[in-house]
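Peer 1: Can you keep this structure in mind? I'll have questions shortly.
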Amino acid sequence: SISLNSDDSSIASVPEKIILKANEEFASFSVTTGEKSGTTTITASLNGKTTFQKIEIGTDETYLPDDLILELNLPTTKMHVNSEMPFSVYLTTFDGVLVRAPYDIEIIIESEESLASANSRILTIEQGNYYAWGILYAHEKIGNTFLRAIHEESGLDVAKSIKISST
């Protein structure tokens, strides 16, 4: 029988005890996250020997990092007239780490309205989320258009071109 403990069960909780079965190399257990984010230490004790592991749940950051990149994700760069396509916007760091929104982040969406338009001019990456998504609607004209996402607060923007064709 191995005794388990979490320093702060409002961040993460563990069972009080787990059983390491005979001839087994390890025992697993569930870590249940709470409503609070932060850091806690999980401690395991067996026969007077103790080990621990610090874990971080969520983030308490209330700011965006300096090395942001605004990403615009399209499933394809080709559409047919009178069709629709989902797209998403999100923020990453230079090294590719997805950024969780510390507060509601507004992203302005622009397009060539005569060829295609988005379902909303502003998408909001809500606090605690990683992305927002919208739908691009192609109209009745063929040609090359674009979809642009702008984060005014940081001065970031990104654009993708889309070819609209007819069969």
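Peer 1: Just tell me which lysines come within less than 29 Å, Cα to Cα, of LYS78; anything on the same chain fewer than 8 places away is out.
Peer 2: Cα-Cα hits under 29 Å: LYS141, LYS160, LYS163.
Peer 1: When the accessible area of the range 1-90 is split by element with a 1.4 Å probe, what percent falls to carbon and sulfur?
Peer 2: Carbon and sulfur: 47 percent of the exposed surface of the range 1-90.
Peer 1: For the range 81-138, just list the percent of Cα-Cα distances falling in each 5 Å bin from zero outward, please.
Peer 2: Final binned percentages: 4, 19, 24, 20, 15, 11, 6, 1.
Peer 1: Continuing with this model, one more query. Given R₀ = 45 Å, what would the calculated FRET efficiency be for LYS141 paired with ASP66, taking r from the Cβ atoms and rounding to 0.05?
Peer 2: 0.65
Peer 1: Averaged per residue, what accessible area in Å² does the chain show with a 1.4 Å probe, protein chains only?
Peer 2: 64
Peer 1: Continuing with this model, one more query. Could you tell me which of rounded, prolate or oblate describes the range 20-135, using a ≥ b ≥ c as the square roots of the eigenvalues of the alpha-carbon gyration tensor, with rounded for a/c under 1.5 and, failing that, prolate when a/b is larger than b/c and oblate otherwise?
Peer 2: Note, shape of the range 20-135 comes out prolate.
Peer 1: Between LEU123, PHE87, LEU70, whose Cα lies farthest towards the positive end of the dipole of the chain when Lys and Arg beta carbons carry +1 and Asp and Glu beta carbons carry -1, centred on the Cα centre?
Peer 2: Value: PHE87.
The values are calculated or read from the model by the stated rules, or taken from the named source; none is laboratory data. The structure presented is a predicted model; accordingly, all values stated were derived computationally and were not measured. Positions of Cβ are backbone-derived with ideal geometry, glycine not excepted, and every protein chain shown enters the neighbour counts. Side chains are part of the model used for accessible areas, which takes the heavy atoms of the whole protein and leaves out ligands, DNA and RNA. Shrake-Rupley method; radii C 1.70, N 1.55, O 1.52, S 1.80 Å.
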